[in-house]
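The values are calculated or read from the model by the stated rules, or taken from the named source; none is laboratory data. Just so we're clear, the structure is a prediction, and the values are computed from it rather than from any experiment. Every residue, glycine among them, receives a Cβ derived from its backbone with ideal geometry; neighbour counts consider all protein chains shown. Calculation scope for accessible area: heavy atoms of the full protein, side chains included, ligands and nucleic acids excluded. Shrake-Rupley method; radii C 1.70, N 1.55, O 1.52, S 1.80 Å.
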Amino acid sequence: MAKTGTTTQGLRAAIERSGYYPALVAEAVEAAVGGEQIASYLVHQETTFDANEVRRHVTVLVLTGNRFIVSHTDEQAADSSSPTPYATTSTESVKLDRISSVVVSRVVANPEAYTPGTLPREVVLTIGWGAVSRLDLEPAACGDPNCEADHGYTGSSTADDLSLRVSEAGDGPDTVRQTLAFAQALSEATAATGATPAAGTGR
């Protein structure tokens, strides 16, 4: 489930419609937003299955004129630290000029017959701002197939602070459309601040 829009009232309504601890989620998000005007938002809920337990998770993304705010809320079963079930919610506020990449990966069916404007069947939105990076290494090699020398390692570093996957089959076409709309708004906002986000598409 995902909802997007541009008003504080709309954000609160979208959180309430998700049905996932709305009072808790809304309070945390609204405290992070403060008095800033909302330019765009996205509320996405996903359900995961862990052994015999069903766990829900909600992500709320908010774009203001100066910041990108991300909130995560998870529910947990009772454990040794708590005799009752509990939920954990966190928010992070990122200045727009810190965002280094906005990557939109689209999966389309029958690409040879693709028509512009057709919704992808799956979208992965990845946003990086330097808090978390993934380093992929592999042994380096030279052009000589008989060479046995140690050439060290080569690799790449990828910003991977947030990755959100939605699909038409699992989340519905509106969710895919709304995710693309938020990604576009975020890309345009970071460009307007003078940042240089690497926006791209692929798999």
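Of all the residues that make up region 87-101, how many are assigned to a strand (DSSP E or B) and open to solvent by less than 80 Å² (accessible area, probe 1.4 Å)? Step through it out loud before you land on a result.
Within region 87-101, the subset assigned to a strand (DSSP E or B) is 87-95, 101.
Now narrow it down to the ones that are open to solvent by less than 80 Å² (accessible area, probe 1.4 Å): 87-94, 101.
Number satisfying all stated conditions: 9.
Which residue is modelled with the lowest pLDDT, if the candidates are limited to region 57-71 and must be open to solvent by less than 70 Å² (accessible area, probe 1.4 Å) and not β-branched (Val, Ile, Thr)?
57
Being open to solvent by 60 Å² or more (accessible area, probe 1.4 Å) and closer than 28 Å to residue 189 by Cα is the requirement here; does residue 35 meet it?
The answer is yes for residue 35.
Can we say residue 84 is open to solvent by 20 Å² or more (accessible area, probe 1.4 Å), of a type outside the set (A, V, I, L, M), at pLDDT below 90 and outside any strand (DSSP E or B)? Don't jump to the end; show me each part of the working.
Details: open to solvent by 20 Å² or more (accessible area, probe 1.4 Å): yes; of a type outside the set (A, V, I, L, M): yes; at pLDDT below 90: yes; outside any strand (DSSP E or B): yes.
The answer is yes for residue 84.
Would you pick out the residues in region 151-190 that are open to solvent by 60 Å² or more (accessible area, probe 1.4 Å), at pLDDT below 90 and either aromatic (Phe, Trp, Tyr) or in a helix (DSSP H, G or I) (or both)?
Answer for region 151-190, where residues must be open to solvent by 60 Å² or more (accessible area, probe 1.4 Å), at pLDDT below 90 and either aromatic (Phe, Trp, Tyr) or in a helix (DSSP H, G or I) (or both): 153, 170, 174.
Being modelled with pLDDT under 80 and in a helix (DSSP H, G or I) is the filter here; which residues of region 9-53 pass it?
Hits for region 9-53: nothing passes.
Tell me the residue from 75, 46 that is acidic (Asp, Glu), crowded, with 16+ Cβ neighbours inside 10 Å and touching a residue at least 40 places away in the same chain (Cβ under 8 Å), please.
75
Yes/no per residue for (1) part of a strand (DSSP E or B); (2) surrounded by 15 or more Cβ atoms within 10 Å (Cβ to Cβ); (3) modelled with pLDDT of 95 or more:
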position	(1), (2), (3)
103	yes, yes, no
106	yes, yes, yes
109	no, no, no
115	no, no, no
120	no, yes, yes
123	yes, yes, yes
126	yes, yes, no
130	no, no, no
